[in-house]
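The values are calculated or read from the model by the stated rules, or taken from the named source; none is laboratory data. In this text, all values refer to a predicted model and were calculated from it rather than measured experimentally. When we count neighbours, we look across all protein chains shown, and the Cβ atoms used for this are built from the backbone with ideal geometry, even at glycine. Side chains included, ligands, DNA and RNA excluded: accessible areas come from the protein's heavy atoms. Shrake-Rupley method; radii C 1.70, N 1.55, O 1.52, S 1.80 Å.
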Amino acid sequence: MTNGNNSADSSDGTASTDSGTNQEFWDSRYNESDRIWSGNPNTVLVREVTGLTPGRALDLGCGEGADAIWLAGQGWQVTASDISGVALAKAERHAATADAGVGDRIDWQRHDLAISFPAGTFDLVSAQFLHSPGDMPRERILRTAASAVAPGGVLLIGGHAGLPPWEPNPHPEVHLPTPAEVLESLELPEGEWEVLLSEEHERIQTRPDGQPGTRTDNVLKLRRRRAM
């Protein structure tokens, strides 16, 4: 699925509930080259997680594993999930050769998140650019992600606010939600969560012609309050 590294491990749409078709799409995508993303962790993840006390982390749509590898290098015990077996095999190889030697701190799991979800609770749940062509039930998946956050833990959701201005829109029917819309769709119990960050921001991305271009993304960061 998605979790792009400064281009987003994603396409700009929404995973088909047909697990076989969706897996074939992403396996084909990840077979296009050795790396389809930059190999760097998402900048928002690095910014917002730096300073948190490491614990158990869940990386949804981990792709080629850059976010998971970075988290493990910071001391987190990571469960990293993707629908693509090709992506997970690449991610595991990258982790094994990483300078930090973090392979033993990452549990790679294949899930179509529309059908199955990693077990357990986590101090950090990260869903970066969890977009995919088709009819992926993103809102339901993110609600499940919220339920997997342990008391005192953080939910970090990054997404696209729109397509790059240099690309035609292949899915005009697809709405990319604002942070406020994502928050509302989570249907969180009143008083149980604290909003730490809700914003849109611009970032630089390399255009197909090799020149830098600016696009807009968004981020929602929440903390689950501890029981009194």
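Given the structure, is Glu139 closer than 22 Å to Arg225 by Cα, open to solvent by 20 Å² or more (accessible area, probe 1.4 Å) and among the charged types (D, E, K, R)? Yes: the conditions hold for Glu139.
Tell me yes or no: at least one residue of region 148-165 is closer than 16 Å to Ala57 by Cα, surrounded by fewer than 16 Cβ atoms within 10 Å (Cβ to Cβ) and in contact with a strand residue (DSSP E or B) (Cβ under 8 Å, 6 or more places away or on another chain). Checked region 148-165: at least one residue is closer than 16 Å to Ala57 by Cα, surrounded by fewer than 16 Cβ atoms within 10 Å (Cβ to Cβ) and in contact with a strand residue (DSSP E or B) (Cβ under 8 Å, 6 or more places away or on another chain). Restricting the first member to region 30-53 and to residues that are aromatic (Phe, Trp, Tyr), and the second to residues that are modelled with pLDDT under 80, the beta-carbon pairs closer than 9 Å and six or more apart or on different chains are Tyr30/Ile36; Trp37/Asn3; Trp37/Gly4; Trp37/Asn5; Trp37/Asn6; Trp37/Ser7; Trp37/Ala8; Trp37/Asp9.
Each row is one residue, and each column tells you yes or no for (1) assigned to a helix (DSSP H, G or I); (2) open to solvent by less than 10 Å² (accessible area, probe 1.4 Å).
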{"site": "Glu32", "(1), (2)": "no, no"}
{"site": "Ile36", "(1), (2)": "no, no"}
{"site": "Gly39", "(1), (2)": "no, no"}
{"site": "Val46", "(1), (2)": "yes, no"}
{"site": "Gly51", "(1), (2)": "no, no"}
{"site": "Pro54", "(1), (2)": "no, no"}
{"site": "Leu58", "(1), (2)": "no, yes"}
{"site": "Gly63", "(1), (2)": "no, yes"}
{"site": "Trp70", "(1), (2)": "yes, no"}
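Note on region 116-132: residues that are at pLDDT 95 or above and either among the basic types (Lys, Arg) or surrounded by 20 or more Cβ atoms within 10 Å (Cβ to Cβ) (or both) total 7. Across region 144-165, the number of residues qualifying as within 20 Å of the chain's Cα centre (by Cα) and assigned to a strand (DSSP E or B) comes to 10. When Ile83 is tested against the conditions (1) open to solvent by less than 30 Å² (accessible area, probe 1.4 Å); (2) more than 24 Å from Asn22 (Cα to Cα); (3) β-branched (Val, Ile, Thr), the lone failure is (2).
Screening the candidates Leu113, Leu88 for the property of being closer than 26 Å to Glu24 by Cα, open to solvent by less than 20 Å² (accessible area, probe 1.4 Å) and assigned to a loop (DSSP other than H, G, I, E, B) yields one hit, Leu113. The residues on offer are Asp99, Asp135, Asp104, and the sole one that is farther than 14 Å from Cys62 by Cβ, modelled with pLDDT under 95 and assigned to a helix (DSSP H, G or I) is Asp104. When restricted to residues that are part of a strand (DSSP E or B) and either of a type in the set (Phe, Trp, Tyr) or open to solvent by 90 Å² or more (accessible area, probe 1.4 Å) (or both), region 166-221 contains 5.
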